[in-house]
Amino acid sequence: MNSKFLYGAALSAIMLSACSQDNVLDMPTPNNDAIAFSVTNGASTRALESQCNTNMPKNFKVSAYKTGTSENYFAGDDWTLESQNPVKYKGIERYWPEYNLDFHAWANDGGTYAYNEENGVGQFKNFKPNSDVKQQLDLLYAGMTNQTRQTVKLNFRHALSQIVFKARNENPRISVSVSGVSVGHLNGDGTYTMVNENTDKNYVNHSDIANGNENVILEGQGSWAYNDEATNEYTTGFDAIAVGNENTILTSVNHQGGADGSLLLLP
């Protein structure tokens, strides 16, 4: 039996949050009092563009506030990737003031939401994952507080959940292959609110989630508010895969980039 799309039976969906490689890619500490950033990115894979420490986002935006206040120092500066090895970004040259700064940064908006920044807190307003899985974008955020005259280490996290699928054929008399999965009645519109905390702590690897630790809360995690009236269906396709009597991976986590059939949806 060939099944083009698998809708329910013997199907498991695994939700993966952000994880991070341990290496931190430092840029030299500035010697001219200019603000400089080093950037790392939690390992994840995307259908359109994989964002991880081996494939950094092409640009990000960053704002800074006087520590512990809503007094803005600069807002929405663009930084562009100049090289992957070593990782180096170039942006507007800013200089350290006489007070400490709180930073928050974001990447990969793709014009898919209205960005709002108020009282030193950013929001991705009305974010809608693309219905075309191959066009889905990762959504990244980072924060570091109480910084002064040092390289600011922005460790980006993923605001969305990555969904991968497994299947099992429990009837040995039937041959089953699957070439697509469709899931529906899921939240398709939400607003993500950052918190003014550090994002330097992360999961070590994806198995922290896959092994049942999905309720672990990290410092600096923001929160989603959903539009419950906005639901959507998402369909992913791939080359036909024969399903055995043990869990067969249909879409998997990898860090090589390129389409792999996984979904990136609201948590």
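The values are calculated or read from the model by the stated rules, or taken from the named source; none is laboratory data. Note that the structure is predicted; figures quoted are calculated from it, not measured. Glycine also receives a Cβ, built like all others from the backbone with ideal geometry; neighbour counts cover every protein chain displayed. Note: accessible area is taken over every heavy atom of the protein model, side chains too, but ligands, DNA and RNA are not part of it. Shrake-Rupley method; radii C 1.70, N 1.55, O 1.52, S 1.80 Å.
Go through the range 178-214 and give me each residue that's within 29 Å of E118 (Cβ to Cβ), assigned to a loop (DSSP other than H, G, I, E, B) and either among the aromatic types (F, W, Y) or at pLDDT below 85 (or both). Break it down stepwise before answering.
In the first step, residues of the range 178-214 are kept if they are within 29 Å of E118 (Cβ to Cβ); the result is 186-202.
From the residues that got through so far, the ones that are assigned to a loop (DSSP other than H, G, I, E, B) too are 188-189, 194-202.
Result: D200, K201, N202.
Taking the stated definitions as given, is N53 exposed (fewer than 14 other Cβ atoms within 10 Å of the Cβ) and at pLDDT below 80? It is false that N53 is exposed (fewer than 14 other Cβ atoms within 10 Å of the Cβ) and at pLDDT below 80. Pairs are defined by a Cβ separation below 7 Å, a sequence spacing of at least 6 or placement on different chains, a first member in the range 127-152 that is at positive phi, and a second member that is β-branched (V, I, T) and assigned to a loop (DSSP other than H, G, I, E, B); the pairs so defined are N146/T67. All of Q135, Q123 fail the test of being open to solvent by 20 Å² or more (accessible area, probe 1.4 Å) and either touching a strand residue (DSSP E or B) at 6+ places or on another chain (Cβ under 8 Å) or among the aromatic types (F, W, Y) (or both), apart from Q123.
The residue list N169, N146, N130, N108 contains one member that is of a type outside the set (A, V, I, L, M, F, W, C), surrounded by fewer than 23 Cβ atoms within 10 Å (Cβ to Cβ), more than 17 Å from the chain's Cα centre (by Cα) and more than 21 Å from I249 (Cα to Cα), which is N146.
Please work out which residue is nearest to G122 (Cα to Cα), limiting yourself to the range 67-89 and to residues that are hydroxyl-bearing (S, T, Y) and surrounded by fewer than 16 Cβ atoms within 10 Å (Cβ to Cβ).
Taking the range 67-89 first, the residues hydroxyl-bearing (S, T, Y) are 67, 69-70, 73, 80, 83, 89.
Add one more test, that the residue is surrounded by fewer than 16 Cβ atoms within 10 Å (Cβ to Cβ), and what stays is 69-70, 80, 83.
Details: T69: 14, S70: 12, T80: 20, S83: 27 Å.
So, considering only residues that are hydroxyl-bearing (S, T, Y) and surrounded by fewer than 16 Cβ atoms within 10 Å (Cβ to Cβ), the one nearest to G122 (Cα to Cα) is S70.
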